[in-house]
Amino acid sequence: MKNSFKVSLLVFLVATSLLMSQTPVAKSSTAIYLRADGSVYPQDAPIFSEDNVTYILTANITESIIVERDNIVIDGFGHTVRGFAGGVGLNLTERHNVIVQNITVKLFQHGLYLLRSANITVSDSVISNNTYGIWFSLSSSNLVSNNLVTNNSYGFVLILFSNLNTIVRNIISGNIYGIRLDYISEQNTINGNTIKGNHGGALFILSSNNYIYHNNFINNVAQVQVSGEFQNIWDDGYPSGGNHWGDHIPIDVLSGPFQNETGSDGIADVPFMIDVNNVDRYPIVAPWSPTAITAKVWIKPDVLNLGVKQGWVAVYVGFISDHSVGRINVSETMVNGTLSAEPSLAVISDYDGDGKSDLAIRFNRTLVKEYIRSKGLTTGDIVFKVSGYLFDRTPFVGYCAIKIRMCGDVNTDGVVDLKDVLVVKVAFGSYPAHPHWNDVADENEDGQIDLKDIYIVASNYGQTYA
């Protein structure tokens, strides 16, 4: 009887998938099209592209966007695509290698619609007040990260063999169901999300072998529901751990893979039981947050003359790991939690010659000096903590030291004397490409060593640090 049911179910699923695969996408006279040839229709639609690769919204839109081109980037630039409780916001049917970012999609039946789509990335966006926030059908190997998915009937729906998708570091809140996996959708990874305040946090129907870990399930009426005897994986092993469950008893006095050793370890001593086939063996006591990436950081100038009144301090960030510096959100990058970067001046290149890309971020020099002086410092070294986030909310942090000196103390020995005059004299008349160039002798940092630099040293002659 059970085998007969499985055969009938399989026939039904295959028939359904074949029927869906032959269902044409409805054309709309009011939709905006990104055509396969790269053009935008209608031509006066508020979407701009100068290379037929990156498409930027220049205003809010109250129509559907139908994407017919692969290998492109759709950047909402903070704008909204708004519907009227029906239709599709972004139709990505049969698309490949499309990035959607920085956009708000709201008030559609389907916010984003993926059918037979692959390698789609949706990031840094708001998906709200739709019937289905993001719909996957027969779609695999897609990435959804760092979005706010809120107040939809269903935040995510993965249905009909939608496999190998990754849903990571999203906030999924206020939906009827946060995530629904249905009809043999397997080997999907759901991790690092905050799933809170939904009627149902996650719903699994006829789907198994999905990986769900490092999520925060908080204040959902039903945290998780699994239908039938389908098994999923709810932790990342020990000591990495599983998920944080807001309604789980947070007792943590034991440790070890079997939680039978003395001492706490951040893992609850008792597993979280969803049902007999679905168990989080290592529930996390505290809400999960990502581990910071260690960054390699250095600064130019590495000796800061407090007397120079303009310009920038450049901070260079590189990753030893495989993470990309291109994913750094420069607007959130700070020095010592106080000084903010200038996002428009960030440039990627291999600055240290190690074969890996680095990111140069500039900070206003006047503000850096004011910060240093606010600490009562006029000489010596100060440690800068450079921290921020990638666009998927992974934090990074790195440290470096910068030496502080007063005007005229070229050799940073604490006194302005003949030794400093001699350093400037030797480099006099030079510039950066000159064989005698010495950047520490360029007192006013104008790219040439001349009488102005001699004057600065001479006018501070005899000065010592307090």
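A few remarks follow.
- Label point at residue 378 placed 7 Å out along Cα→Cβ; residues across the stretch 301-341 whose backbone nitrogen lies under 20 Å: 303-310
- Shown here are the Rg and Dmax of the Cα trace of the stretch 348-466, at 17.6, 54 Å.
- Taking 16 Å as the straight-line reach from the Cα of residue 356, the aspartates and glutamates in range (excluding those fewer than 8 positions away in the same chain) are 322.
- Average silhouette area of the chain, convex hull of alpha-carbon atoms, in square nanometres: 29.7
- Per-pair calculated FRET efficiency, R0 = 41 Å: residue 459 and residue 331 via Cβ, rounded to 0.05: 0.55
- In the chain, the calculated helix contribution to ellipticity at 222 nm averages -3500 deg cm²/dmol per residue, counting -39,500 (n - 2.57) for every DSSP H run with n ≥ 4.
- From least to most packed, judged by other beta carbons within 10 angstrom and beginning with the fewest, 334, 273 follow the order 273, 334.
- For the stretch 295-346, the set of trypsin sites (Lys or Arg not before Pro) satisfying both a DSSP loop assignment and a count of at most 11 other C-beta atoms within 10 Å is given as 309.
- Sites residue 227 and residue 300 - FRET efficiency at Förster radius 56 Å, r taken between beta-carbons, to 0.05: 0.40
- Sequence-distant contacts, meaning Cα pairs under 8 Å at least 6 residues apart, place the relative contact order of the stretch 72-280 at 11 percent.
- For the chain: relative contact order, % (alpha-carbon pairs under 8 angstrom, 6 or more apart): 7
- Neighbour-count ranking [beta-carbon atoms within 10 angstrom, fewest first] of 93, 412, 30: 30, 412, 93
- Extension reserve of the residue 84-residue 292 stretch, reckoned as 0.36 nm per residue once the Cα distance is removed: 70.8 nm
- Alpha-carbon Debye profile of the stretch 48-207, log10 I(q)/I(0) at 0.10, 0.15, 0.16 Å⁻¹: -0.30, -0.70, -0.80
- Rounded to 5, the percent of DSSP beta bridges in the stretch 72-280 classed as antiparallel: 5
- Which listed pairs, of 425/452; 375/452; 300/369; 403/425; 369/425; 300/385, have C-alpha distances above 19 Å, in listed order: 375/452; 403/425; 369/425
- If the segment from residue 264 to residue 37 were pulled out straight at 0.36 nm per residue, it would be longer than the present Cα-Cα gap by 75.7 nm.
- Spin-label model, residue 209 to residue 399: label points 7 Å out along the Cα-to-beta-carbon direction sit 4.6 nm apart.
- Per-pair calculated FRET efficiency, R0 = 45 Å: residue 238 and residue 412 via Cβ, rounded to 0.05: 0.30
- Relative contact order %, the stretch 40-183, counting alpha carbon pairs below 8 Å whose residues are six or more apart: 15
Quick note: the coordinates plus some simple rules give every number you see, no bench work behind them. Computed from a predicted model, the values in this text were never measured in an experiment. Counting neighbours? That spans all protein chains shown, and the Cβs are built from the backbone with ideal geometry, glycine included.
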